[in-house]
Amino acid sequence: MADDRQPRQSRPAGKGGSSSGRSGPSRSGSGRSSTRSTDNKPYAKRDGDKKPYGKRDDNRGGSRPYSRDRRDDRRPPRSDVARTADQAKYDGPEIAEWITGKELDRSVADQLKSLPEKLMLRVARHLVAAGELMDSDPKVAYQHTLAARARAGRLAVVREAVGEAAYAAGEYSEALAELRSAKRMNGAHDYVAIMADCERALGRPDRALTLLKNTPRDKFAPPLLAEVIIVEAGARRDRGEIDAALRTLENGNLNSKSRAPWVVRLRYAYAETLLAGKRPEDALEWFHRTEAIDVDEITDAGLRALEIERSLPKS
């Protein structure tokens, strides 16, 4: 992990997160993490991916930038006019032809059923497109979710999608606002790890710790709980509290026999924190222990171990 001040883009567990599995964020205790969890994709369900991701801006009482002027003499045909920024955001990026909207995870699709069918499919297609691009082109994925929000922003699942995409794209203030809205709508705590990591990214580790402290964890699934622990440890590191960060991680299930991505990420964060605490020999051990279970190679633990081995004095 590079700079400890830069948040990672791996999605923590939003509803899809730990999905509370898609998720998790987290700057694995340090910076933009190479420990991106492969179980964290959000809104397209393709080959086992987790989920997908919207606010109709009615602009009641004011101008309606998305409505067409019915009088032909007011403006030339749309094709002859450069689209405004609002129109471009509403239209969103082009959607691949193969995306029909039916690829959406069923749990997400069910939440769109209150929409008219044609609108539902349009929103679904944008969410699937966002899920497909989340890792490779998060900026465009974010634009897709904004287009979905313009049409269905009153749905919590759409606001969740915007928040997770904004997080992946590095738009941390926007991500925090959207996930707060989603939480107000559905009362879920699934976004807490991402929200706290956004606070870290905005240079507010104290707020991150307060948010995590006030969140009940007793019913969290292991992936989400691991992400919460990782972000909490990262916030401690931001404050220079290395020993406290280590104790936080040690309260996680570091010795789990599972090879799940959340165990990999937890061990990686522990190794990173040991290294930050100037304990390279211990860090080396935990990077090796991370590599041993990282069957999907979601971290660079092997490379980090090699770097430490080369830096240690020859015996």
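Residues in the range 193-218 that are buried (at least 21 other Cβ atoms within 10 Å of the Cβ) and among the acidic types (Asp, Glu) were compared, and the one that is farthest from Glu174 (Cα to Cα) is Asp197. With respect to Ser256, determine if the residue is surrounded by 15 or more Cβ atoms within 10 Å (Cβ to Cβ) and farther than 30 Å from Gly153 by Cα. The answer is yes for Ser256. Scanning the range 113-149 for residues that are surrounded by fewer than 23 Cβ atoms within 10 Å (Cβ to Cβ) and among the hydrophobic types (A, V, I, L, M, F, W, C), we see that the one that is nearest to Ala85 (Cα to Cα) is Val140. For the range 160-169, the condition holds for at least one residue, the condition being that it is under 21 Å from Leu202 (Cβ atoms), under 13 Å from the mean Cα position of the chain (by Cα) and surrounded by fewer than 24 Cβ atoms within 10 Å (Cβ to Cβ). Filtering the range 121-144 to residues that are closer than 17 Å to Glu178 by Cβ and basic (Lys, Arg) leaves only Lys139.
Selection of helices (runs of 4 or more DSSP H) fully inside the range 210-315 by the criterion of at least 2 residues being under 18 Å from Ala193 (Cα atoms) returns 222-238, 242-250, 261-276. Residues of the range 143-157 being outside any helix (DSSP H, G or I) and of a type outside the set (D, E, K, R), which ones? Within the range 143-157, Gly153, Leu155 qualify.
Given the residues Thr299, Thr290, Thr248, Thr273, which is the only one that is polar (S, T, N, Q), surrounded by 24 or more Cβ atoms within 10 Å (Cβ to Cβ), under 18 Å from the mean Cα position of the chain (by Cα) and at negative phi? So the residue among Thr299, Thr290, Thr248, Thr273 that is polar (S, T, N, Q), surrounded by 24 or more Cβ atoms within 10 Å (Cβ to Cβ), under 18 Å from the mean Cα position of the chain (by Cα) and at negative phi is Thr299.
Among the residues of the range 139-146, is there at least one that is hydroxyl-bearing (Ser, Thr, Tyr) and either under 26 Å from Lys113 (Cβ atoms) or touching a strand residue (DSSP E or B) at 6+ places or on another chain (Cβ under 6 Å) (or both)? Checked against the condition, which is being hydroxyl-bearing (Ser, Thr, Tyr) and either under 26 Å from Lys113 (Cβ atoms) or touching a strand residue (DSSP E or B) at 6+ places or on another chain (Cβ under 6 Å) (or both), the range 139-146 yields at least one hit.
Read-outs: derived from the displayed coordinates by stated rules, not from any lab. Just so it is clear, the model here is predicted, and its values are computed rather than measured. Ideal geometry is used to build each Cβ from the backbone, glycine not excepted, and the neighbour counts take in all protein chains shown.
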